[in-house]
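Just so it is clear, none of the values below were taken in a lab; they were calculated from the coordinates. As the structure is a prediction and not an experimental result, all values here were calculated from the model. Virtual Cβ from ideal backbone geometry, glycine too; neighbours counted across all protein chains shown.
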């Protein structure tokens, strides 16, 4: 989306035509890549050429899929992975039906055989969605959305839940462990209702005290109530650094479903760090499942090995239904890393805060999910023009930190542009900030780096704000050169001048 608007002289809608020299331009409504998207059919010299924006990149390919996140009659946009795939194909079929000879995308290659290009994309989108749905955690929550993916040889069977042990309680998105002493250890806290229920337990003598809180991941429905929780109960707040860094400074991050509440974390755990709480041994792990910024807690005691996995799994499989959560494909990353850890730890039970039963996976089911993910690296790789599918799936492969800053006129604006090299080869990167017209426009200095494979580079930018800058909120886009690619305004930061 543009950081600054421009004047629009005339709004076009479906069926409008423009005569321009010898050309006749017809407007076709083609939602899919984005809501309200239009295709322009140009007829000139006996030819019919369609300019289709980002509906299609090449035969069988799109430029990226995170713009295709869209809800339906069952779920909101957050749960709508590849939600516009059918709408995208329908829009392309509509263009095809107009008798076009050539497709010209905004990003991509000219396609002289529209029918073949669209057929290939429809088939590839179906392959990718089939792979996704076969092990989707969403089948547990919304089975009516997946009538053809609930059983059969092409999907992983949905596990049956089992009763949790008596010393565990689940309320809203919170799991509580109650020790033999009556003390409680809490995982996640959404809101005042959760706090009131824990207070009720204490007032009724069902627990004697609250002795700590573990954050499974940064999403607001797991963190929003923590500041009040800490005020009421005290006790340390504990989390993996990937989670703690966001909780401690939420304005620094441009992430879906984040909270605006600052949550100081008392103890930032190391991967594999162990400690004793009452009769339980606890071990913290980085666990990049539902989101890259996620952790897991192994709790051993009372004869059980219990792994609290946050929102990463349900009895139906993996929780990767939001493309904005940064779910990486590849061996040793993302869900493959999580499943390898589950395989190594061999817990008796898994726990998700949204699921009020315990569950587990057999070795065969873990192998099935890991094989599915390995297959996806190829099927999604074929869907995009990039040399690794994570570029097409990760809308934050370039991001700015801190995302939002509040500054005074004349202050120095410090910004780090973080660039993830998802490839297996090094890449040359150069970044610069595009400055607002109100500050005189132009660009900042350029920062360059050679980024090794599978690493993240930090490229700093510094800008002195005008001393006469007016109060307001300004988007600061960043441009990226990535080897031979020029990617203007690929992401942004925000400066609020007060």
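Provide 56, 25, 118, 18 in ascending order of the number of other Cβ atoms located within 10 Å of each residue's Cβ, fewest first.
Ranked by crowding around the Cβ, least crowded first: 18, 25, 118, 56.
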From fewest to most C-beta neighbours within 10 Å, the residues 209, 91 line up as 209, 91
Restricting to the chain, what percent of DSSP beta bridges are antiparallel, rounded to 5? 80
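Once you sort the root eigenvalues of the Cα gyration tensor of the range 234-322 as a ≥ b ≥ c, which label holds: rounded (a/c under 1.5), prolate (a/b larger than b/c) or oblate (the other case)?
oblate
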Rounded to the nearest 0.05, what FRET efficiency do residue 74 and residue 378 give with R0 = 30 Å and r taken as the Cβ-Cβ distance? Could you check? 0.55
Starting from the Cα of residue 17, step 7 Å along the direction of its Cβ; do the same at residue 387; then give the gap between the two resulting points in nm. 4.8
I need the fraction of alpha carbon pairs in the range 365-433 separated by more than 19 Å, rounded to a whole percent. 54
Please determine, in degrees from 0 to 90 and to the nearest 10, the orientation of helix 192-203 with respect to the longest principal axis defined by the Cα atoms of the chain, where the helix direction is its Cα long axis. 0
Using alpha carbon centers only, the range 272-292 is separated from the range 81-117 by a whole-angstrom value of 48
Semi-axes in Å, largest first, for the range 17-134 (Cα gyration tensor, √(5λ)) are 28, 15, 10
How far, in degrees from 0 to 90, does helix 363-383 lean away from the longest principal axis of the Cα atoms of the chain, to the nearest 10? 20
What is the distance in Å between the Cα centroid of the range 122-184 and that of the range 353-409? 17
Sites residue 464 and residue 271 - FRET efficiency at Förster radius 60 Å, r taken between beta-carbons, to 0.05: 0.90
What angle, in degrees between 0 and 90 and rounded to the nearest 10, separates the Cα long axis of helix 85-97 from the longest principal axis of the Cα atoms of the chain? 10
Sort the range 178-274 into rounded, prolate or oblate with this rule: let a ≥ b ≥ c be the square roots of the eigenvalues of the Cα gyration tensor; rounded if a/c is under 1.5, and if a/c is not under 1.5, prolate when a/b is larger than b/c, oblate otherwise. oblate
For the range 319-358, what is Rg from Cα atoms divided by 2.2 N^0.38 Å, rounded to two decimals? 1.35
Stokes-Einstein translational diffusion, the range 397-497 - Kirkwood Rh over all Cα pairs, 1.567 mPa s, 4 °C, in µm²/s: 93
Separation of alpha-carbon centers, the range 297-312 and the range 1-37, rounded to whole Å: 54
Give me the three principal axis extents of the range 268-407 from the C-alpha atoms, as integers in angstrom, largest value leading. 51, 50, 25
Packing rank of 469-480, 311-322, 411-422, where each peptide gets the mean count of other beta carbons within 10 Å, highest leading: 311-322, 411-422, 469-480
220, 293 arranged by Cβ crowding within 10 Å, fewest neighbours leading: 220, 293
Volume per residue of the C-alpha convex hull in the chain, rounded to whole Å³: 168
So for the range 320-403, averaging the separation of alpha carbon pairs under 8 Å that are six or more residues apart and normalising by length, what relative contact order in percent results? 36
Please state the equivalent ellipsoid semi-axes for the range 168-360: what are the square roots of 5 times the Cα gyration tensor eigenvalues, largest first, in whole Å? 24, 20, 15
Under 4 °C and 1.567 mPa s, how fast does the range 110-231 diffuse according to Stokes-Einstein, given a Kirkwood radius computed over C-alpha pairs? Answer in µm²/s, whole number. 71
